[in-house]
């Protein structure tokens, strides 16, 4: 709405309506600032005081047009005409609105009959004739969406959103398409079609640049592919959109942990925890990293926090048992390992750790059983064969011990230790 048009109306009506001029100036001020919802409220207040003022109804109608409330706008134009039936400007604006409404009805009927190409032509004509009406571009976007021409759909939704940022459904329409693309990405991710998943997630972000879930899923895909650099870049962009995302902070920690940058990993795990103090996975990852750094006491604190938040978290019990074992608290280690395998019987590494702890306590039958439990899950697992060899040797089963150490020796990381034990066996020790 142009200032000079409204001002001219104000001048005409000043002598007729007195203080209505103050309302009109206030309304115009809101319009000039782009605050149409405030202008709408100011119109309502003014009309409640001066309900015989045609100018107020006319301005109210134009605000309603801007907000895409076409039926309301028509009602207010008609009221303005009733109050000032000689004003041709009111009639022209009401006729223009009727033309828009009729065109929209016709285009919608064409759409409902499934004639998509014709509907597009009709809406595009309307968009040329009514280039300032967001609702036209929104409906054109809807047709393009049904046609699965998503780029054009989003392009028109964005025009609608720019013209009328007060209507939530325009931004929601864009988000709906972005969510469809992200959902398609999820399907491809589950199928391990990672390149296709990446393309879909990127499209979702392109359509809705503030869609943090799509950023996270894209980073997760890169992480799954061990493309840590791209994962790190995407997570950084995601945190620029919203810095308070604990999952993104934790994944950054996982990336840095995976690349051996433990101090950076610890920083991001702590940041995740500062965002969400109930994030038990972050406490576990922090504890596991501290354990790798031999910061055993702080590792214990973090892992106990994870367990307190998630009492059925098997991995945390397993890591806590390892901390206890490293600190020489073997009974406590055994208890935590037992709790871990009770919660997750398939945790082969914990069965191995339990075998090691039992051997340290000279509970060789239990150690033998735990080592075999591990090997039943993970065949040819050298650490478990080594602990099995230790228990069999202590139980006097020289042949079984030799067989276990020979199998452990096939792993280069255990070759030296296994060979030492084999040498001791050959010497009668």
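Quick rundown of the values:
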quantity	calculated
Choice from 354, 92, 140 showing the highest fluctuation, given a GNM over the chain with Cα pairs closer than 10 Å	92
Separation in nanometres of the label points that stand 7 Å from Cα toward Cβ, at residue 327 and residue 210	4.7
Principal axis dimensions, region 44-176 - Cα atoms, whole angstrom, descending	50, 26, 20
GNM flexibility winner over the chain from 272, 134, 400 (Cα, springs under 10 Å)	400
GNM top mover of 24, 291, 218 - the chain, alpha-carbon springs below 10 Å	24
Gain in span if fully extended, residue 101 to residue 294, counting 0.36 nm per residue against the direct Cα distance	62.2 nm
Förster radius 35 Å - calculated FRET efficiency between residue 52 and residue 113, Cβ distance, rounded to 0.05	0.20
Residue 424/residue 264 FRET efficiency (R0 51 Å; Cβ-Cβ; nearest 0.05)	0.75
Per-residue [θ]222 nm for the chain (sum of -39500 (n - 2.57) over DSSP H runs n ≥ 4, rounded to 500)	-26000 deg cm²/dmol
In Å, descending, principal axis extents of the Cα set of the chain	120, 48, 32
C-alpha center-to-center spacing [region 354-429, region 118-155] in angstrom	72
Extension reserve of the residue 75-residue 41 stretch, reckoned as 0.36 nm per residue once the Cα distance is removed	10.6 nm
FRET efficiency, 1/(1 + (r/R0)^6) with R0 51 Å, evaluated for residue 155 and residue 345 via beta carbons	0.40
Relative packing of 50-60, 413-423, which averages over residues the other C-beta atoms within 10 Å, highest first	50-60, 413-423
Rg(Cα) / (2.2 N^0.38 Å) computed for region 244-344, rounded to two decimals	1.02
Most to least packed among 163-172, 119-128 [average Cβ atoms within 10 Å]	119-128, 163-172
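We did not get these values from a lab; they are worked out from the coordinates using the rules stated. Quick caveat, the model's predicted, so the values are computed rather than measured. Backbone-built Cβ (ideal geometry, glycine too); neighbour counts: all protein chains shown.
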